[in-house]
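Trainee: Sending over a structure as structure tokens; questions will come in a sec.
The values are calculated or read from the model by the stated rules, or taken from the named source; none is laboratory data. This structure is a prediction, so every number in the text was calculated from the model and none was measured. Counting neighbours? That spans all protein chains shown, and the Cβs are built from the backbone with ideal geometry, glycine included. These area figures cover heavy atoms from the full protein model, side chains too; ligands, DNA and RNA do not enter into them. Shrake-Rupley method; radii C 1.70, N 1.55, O 1.52, S 1.80 Å.
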Amino acid sequence: MERSNLFLLIGVIAAAVVIFLNFDSSNIKTSQVSEAGGELKIYNWSDYIAEDTISNFEAETGIIVTYDMYDSNEVLEAKMLAGSSGYDLVVPTADFLARGREAGAYQDMDLSRIQNASNQDPEIQAQADRMVGSNSAGLVYMWGSTGIAYNEDMVVERLGDDAPTDSWSLILDPANAAKLEDCGIAILDAPTDVLPNVMTYLGYPGTSMEKSHFEAAGDALSAIRPYLRYINSSQSINDIANGDICAAIMWSGDAFQAAYRAEEAENGHVIDYYIPNEGTNLWFDVMAIPADAKNVDNAYKFVDYMMRADVAAANVNYVWYASGNEAARPDIDPEILSHPGIYPTEKAKEKLFVTPVYDAQTDRIVTRVWNRFSAGN
Amino acid sequence: MNYFFQKFGRILVIWLPLGWLLLFFMFPLVEMINVSFSEARRAVPPYIPAFQIGSGGFTFSPVLDNYLLIYEYWEDYLWPAINSIRLAFFSTLYCLLFAYPMAWWIARSNKSIQHILLILVLMPFWTSSLLRMYALIGLLNPNGFINDVLIWAGITVTPIQMMQTDFSIYSGMILTYLPLMILPLYASLVRLDVSIIEAAADLGAKKWDIFRTIVLPLSIPGIVAGSLLVFIPAVGEFVIPALLGGPEQLMLGKVIWTEFFRNRDWPVAAAIAIILIAIIILPIVYARYQDRERIS
Amino acid sequence: MAPFIRIQNISKKYGKLLAVDNVSFNLEKGELFSLLGPSGCGKTTLLRILAGFEITTEGYVEIDGQDMVDVDPADRPVNIMFQNYALFPHMSVSNNIGYGLKRASLPDNEIKSRVSELLELVHLNGMGERKPSTLSGGQRQRVALARALARRPKLLLLDEPLAALDKKLRSETQFELCKIQEQLGTTFVVVTHDQEEAMTLSTRIGVMNNGKLVQVGTPNEIYEQPQTTFVADFVGEISFIEVTVKEQKGPYWLMQGAVPIHVSTGAKLRINQKVNLALRPEKISLTSKSTGKINEFPVKVIDWAFYGAGTQYRVVGPGGINLKLYESHNIPSKSNARQPETGFINFSPDSIIILER
């Protein structure tokens, strides 16, 4: 074989290997033989369900479940907007669900078909429904907050015992950020979860859609930008658990996962999480059925199953997020139930808010402010 | 019968690659151009296609808004573009500096082990690039392997901050793109006749002279091919800087991502991509055109 | 006076393989010396040793009184012309030729004038700006020659200089090469596997086999007085007859093989010694009738080939001896003349080469 041909061959094989490896294998699913129960295709967040929930459901109903995972709302949304995703049940966050419904990507959920819907916490469900703008969009699976995770020893060492570990100022005050720079600060790469909270810190309503408020928040972030290690949503869990960073704006569940990992590793790092007293936004992940779902009946069966008190409690005990399920409370680990970072105190609840669903123009403002902040110009 | 197969074979040889290009390169590109001239909306799909084939036959109603929007806020796109081009440029340069000696060494080593060495070069492609990036993070972290060794050896007391620096970004870029540089360089260096190098030495050229006047000019096709193979994907790269870099790394790829995912504005995302393609492709086409002019 | 170039006891080993085996010879200034041998005989390795690309395992090379052992190829007063010419494809003809001069840091105007002299020498005037890829094979060969001559080497090495040319061009170029060599007076060492080329080009030839230099001599000596069966066989056409020395008889030695043969020689022979007699084709005469000359016997013609200037025959004699003979067409050959099927051959007793067996 001539050398140049050999090279070409190697190149083609390499390209094929690369394409093959980068191919999202979750898209190719061999169709399983459907038994009596039929099948159900679920698309949920990664690490968001107890290990045996799916197998228990399959055993109980005879339904064969295909369970795929995503790790950002954006990925889910792009799939839904492109159409023909093939999924029967997905778990978008409320604002994404609202937009998806507007685009016609989701169908209404008939709650009368779900016996266990009565287990739901009406207050939480109402807040989510308000955000989505419908009483029949779906049922809240888990909910949580955005707050600050921090390494107790490292922060106290740098800021003293009176470190403001109850306020956004721990990170958003440039004086504090400067002192924490050396041990590492990270911020979520999620403008809709960060900018409204910076606005509350500055004294503006978190629900504001004023361009000037977003810009003020962007300026406040730019002021601490020199002290940031990075802006990223997925890396901080590991890094804070390992002591590579010491303070981060994070989602509640991620923060507890980090705390758990640090504890498991016995590396001496103690991670805690708090909801700042200025208030924070709540988010709700909602079980919803895509408009073009093929196994709608099975989707209802699954939602009903998930709403059972014991199933919901098992999931909470595994993922450490607050459940939308009121009836599950007795079975939930007391340590979780009593943690103000997961189930906020009544006093903290007063300051919690739900961000409105932005229109396209506001989306653009938010993105632009965020990009300017993260680009540093 | 034989004739038929011969003819069929010829058609296959010509049309298979052409069909491949048409299917996986031309159609997506045309579709992207189509989307870039479409109007955004909240629906499935989230735009009104500029070009439609429907009951009313063909309709073509292009919208220039997306390009105008980019024009209006050009500063927001210029800086990420500069970031991306800078990243791509230096990644290409570093890859070239690392790949050249490696390619030379492989091309000059024993024929029987050349294939093994080439497979070793390609080996990293067999693992997911994300996995390789996390492996790199594991090496470079303040509590990572390299710092552990440095501290153990007493070279440093406090860990050296290697993550979230240019060093970590370019390490990741080189790790990912080096094979794409080595292969074309190897292909051009292996074709270089040893007697040409010996002839230069015989005529009084010292090592550096031989490299400067003979090897380097004769490997330019490989350098150009390798640089394009690295530069073009590197311009669109944003995962590596996001994973390994600090906050200052807003890349054009990320801007396209935010247009697509955060603003849900597929048409604007497509328009940026089209402009990016134009910026990258046009100079190459121009350079080739110049080349042809010069030869003829 | 010391020889201009001295090659002393050169050996080169690749692992266990002895590529060059204890080779020694001297060259006078202005010689055109050919290294002749079959492929793999070590002649190219020897050439590369002279150029400095290979380091000898043993022995040394001296040029004009200067020891070359530790001298880099770049610094040797030696240049080489490669078999494939190894022209720099990205440079013009002028830049190719001027390359060595530029390395020597000559001023630009001097390089320019030297290059145009060389272009003239190899008849490539006006082609200086062309790229090698636009030249014919013969033109490239001349560029390579000019480039190798540019630094005015004391010794020019040529590796199969004519092998890449077609036959007609080859004889012209051969002539041209000799002319240039004579004109410049540069010492040339030519490596070739083509004995005809070696014959026409060289002042002297060194025949190599299995890494050894088996015979050195003028073309005439190599052809007429080969010292081994290998040389006799490799250089030119030849037929062998195995015989035993029987007795000295007047001015002749009588040899007994399939037929008795009379040989006239000054060589010292022993009775009953087994030797090979070697006969060049043109030394044998073919007649249709017996002439009664010495060393005559009847043969059967089994094959013949017309060469224009002559005809070559293959004949079988008594006892199955095979001989090749060549008949020169001194008078115009008759177009449709029937070739003889049988006849007689004879050869002079002093045209026979005696080789040890």
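Trainee: Residues that are more than 14 Å from chain B (Cβ to nearest Cβ): list the helices (runs of 4 or more DSSP H) wholly contained in the range A:27-140 that include at least 3 such residues.
Mentor: Because the criterion is at least 3 residues that are more than 14 Å from chain B (Cβ to nearest Cβ), the helices (runs of 4 or more DSSP H) in the range A:27-140 that meet it are A:53-61, A:122-132.
Trainee: Here's something else I'd like to know. Report every pair of residues separated by at least 6 positions or lying on different chains whose Cβ atoms are under 7 Å apart, first residue within the range C:49-69 and more than 16 Å from C:P153 (Cβ to Cβ), second surrounded by fewer than 21 Cβ atoms within 10 Å (Cβ to Cβ) and among the acidic types (D, E).
Mentor: C:Y60/C:D67
Trainee: Looking at the range B:149-165 only, could you name the residues that are more than 30 Å from the chain's Cα centre (by Cα), open to solvent by less than 40 Å² (accessible area, probe 1.4 Å) and under 30 Å from B:L250 (Cβ atoms)?
Mentor: None; the set is empty.
Trainee: Here is a check on your reading of the model: is B:A242 under 21 Å from the mean Cα position of the chain (by Cα) and without any contact (Cβ under 8 Å) to a residue 24 or more places away in the chain?
Mentor: Taking the combined requirement at face value, the residue satisfies it.
Trainee: Might you check whether a residue that is in contact with a strand residue (DSSP E or B) (Cβ under 8 Å, 6 or more places away or on another chain) and open to solvent by less than 10 Å² (accessible area, probe 1.4 Å) occurs anywhere in the range B:207-214?
Mentor: Scanning the range B:207-214 turns up no residue that is in contact with a strand residue (DSSP E or B) (Cβ under 8 Å, 6 or more places away or on another chain) and open to solvent by less than 10 Å² (accessible area, probe 1.4 Å).
Trainee: Out of everything in the range B:261-296 that is more than 21 Å from the chain's Cα centre (by Cα) and modelled with pLDDT of 85 or more, what residue ends up being farthest from the other protein chains (Cβ to nearest Cβ)?
Mentor: B:P267
Trainee: Given B:L93, B:L130, which one is at the interface with chain A (Cβ under 10 Å from one of its Cβ atoms) and under 19 Å from the mean Cα position of the chain (by Cα)?
Mentor: One residue alone meets the criteria, B:L130.
Trainee: Then there's this: Being touching a residue at least 60 places away in the same chain (Cβ under 8 Å), over 18 Å from the mean Cα position of the chain (by Cα) and surrounded by 15 or more Cβ atoms within 10 Å (Cβ to Cβ) narrows it down to one of B:I182, B:I169, B:I106, B:I174, so name that one.
Mentor: B:I106 is the lone residue from the list that is touching a residue at least 60 places away in the same chain (Cβ under 8 Å), over 18 Å from the mean Cα position of the chain (by Cα) and surrounded by 15 or more Cβ atoms within 10 Å (Cβ to Cβ).
Trainee: Here's another thing I want to ask about it. Output the residues belonging to the range B:201-260 that are assigned to a loop (DSSP other than H, G, I, E, B) and more than 14 Å from chain C (Cβ to nearest Cβ).
Mentor: Once the filter is applied, which keeps residues that are assigned to a loop (DSSP other than H, G, I, E, B) and more than 14 Å from chain C (Cβ to nearest Cβ), the range B:201-260 yields B:E237, B:F238, B:G245, B:G246, B:P247, B:E248, B:Q249, B:L250, B:M251.
Trainee: Please pick out the residue among C:V122, C:V93, C:V143, C:V69 that is at pLDDT below 95, under 21 Å from B:A205 (Cα atoms) and more than 8 Å from chain B (Cβ to nearest Cβ).
Mentor: C:V69
Trainee: Can you tell me which condition A:A216 does not meet? The list is (1) of a type in the set (A, V, I, L, M); (2) in contact (Cβ under 8 Å) with a residue 40 or more places away in the chain; (3) within 24 Å of A:L352 (Cα to Cα); (4) more than 12 Å from chain B (Cβ to nearest Cβ), and all the others hold.
Mentor: (2) is the only condition that A:A216 fails.
Trainee: Is there any pair with a first residue in the range B:77-89 that is more than 13 Å from every other protein chain (Cβ to nearest Cβ) and within 18 Å of B:I174 (Cβ to Cβ) and a second that is in a helix (DSSP H, G or I) and open to solvent by 70 Å² or more (accessible area, probe 1.4 Å) whose Cβ atoms are under 6 Å apart and which are 6 or more apart or on different chains, and what are they?
Mentor: Between residues of the range B:77-89 that are more than 13 Å from every other protein chain (Cβ to nearest Cβ) and within 18 Å of B:I174 (Cβ to Cβ) and residues that are in a helix (DSSP H, G or I) and open to solvent by 70 Å² or more (accessible area, probe 1.4 Å), there is no close pair.
Trainee: Test of understanding: among C:L101, C:L106, which residue is open to solvent by 20 Å² or more (accessible area, probe 1.4 Å) and assigned by TED's automatic domain parsing to the domain that holds C:E160? Let's see the steps before the verdict.
Mentor: Values: C:L101 fails: open to solvent by 20 Å² or more (accessible area, probe 1.4 Å).
Answer to the selection: C:L106.
Trainee: Still on this structure: Of the residues B:V13, B:V44, B:V35, only one is open to solvent by 80 Å² or more (accessible area, probe 1.4 Å) and either at pLDDT 80 or above or over 28 Å from A:R99 (Cβ atoms) (or both); which?
Mentor: Within the list B:V13, B:V44, B:V35, the selection yields B:V13.
Trainee: Find the residue count for the range A:226-249, including only residues that are small (G, A, S), within 9 Å of another protein chain (Cβ to nearest Cβ) and open to solvent by less than 30 Å² (accessible area, probe 1.4 Å).
Mentor: Residues of the range A:226-249 that are small (G, A, S), as a first pass: A:233-234, A:236, A:241, A:243, A:247-248.
With the extra rule that they be within 9 Å of another protein chain (Cβ to nearest Cβ), the set shrinks to A:234, A:243.
Add one more test, that the residue is open to solvent by less than 30 Å² (accessible area, probe 1.4 Å), and what stays is A:243.
Number of matching residues: 1.
Trainee: Could you check C:G138 against (1) farther than 21 Å from C:A163 by Cα; (2) touching a Ser or Thr at 6+ places or on another chain (Cβ under 8 Å); (3) more than 11 Å from chain B (Cβ to nearest Cβ); (4) open to solvent by less than 20 Å² (accessible area, probe 1.4 Å) and say which number it fails?
Mentor: In the conditions (1) farther than 21 Å from C:A163 by Cα; (2) touching a Ser or Thr at 6+ places or on another chain (Cβ under 8 Å); (3) more than 11 Å from chain B (Cβ to nearest Cβ); (4) open to solvent by less than 20 Å² (accessible area, probe 1.4 Å), C:G138 misses (1) alone.
So that you can scan it fast, the table gives a plain yes or no per residue for (1) buried (at least 20 other Cβ atoms within 10 Å of the Cβ); (2) in a loop (DSSP other than H, G, I, E, B); (3) touching a residue at least 60 places away in the same chain (Cβ under 8 Å); (4) under 18 Å from the mean Cα position of the chain (by Cα):
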| position | (1), (2), (3), (4) |
| --- | --- |
| A:D304 | no, no, yes, no |
| A:A312 | yes, no, yes, yes |
| A:A327 | no, yes, yes, no |
| A:E335 | no, no, no, no |
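Trainee: Output the residue which, of all residues in the range A:250-287 that are aliphatic (A, V, I, L, M) and under 13 Å from the mean Cα position of the chain (by Cα), is surrounded by the fewest Cβ atoms within 10 Å (Cβ to Cβ).
Mentor: Among residues in the range A:250-287 that are aliphatic (A, V, I, L, M) and under 13 Å from the mean Cα position of the chain (by Cα), the one surrounded by the fewest Cβ atoms within 10 Å (Cβ to Cβ) is A:L282.
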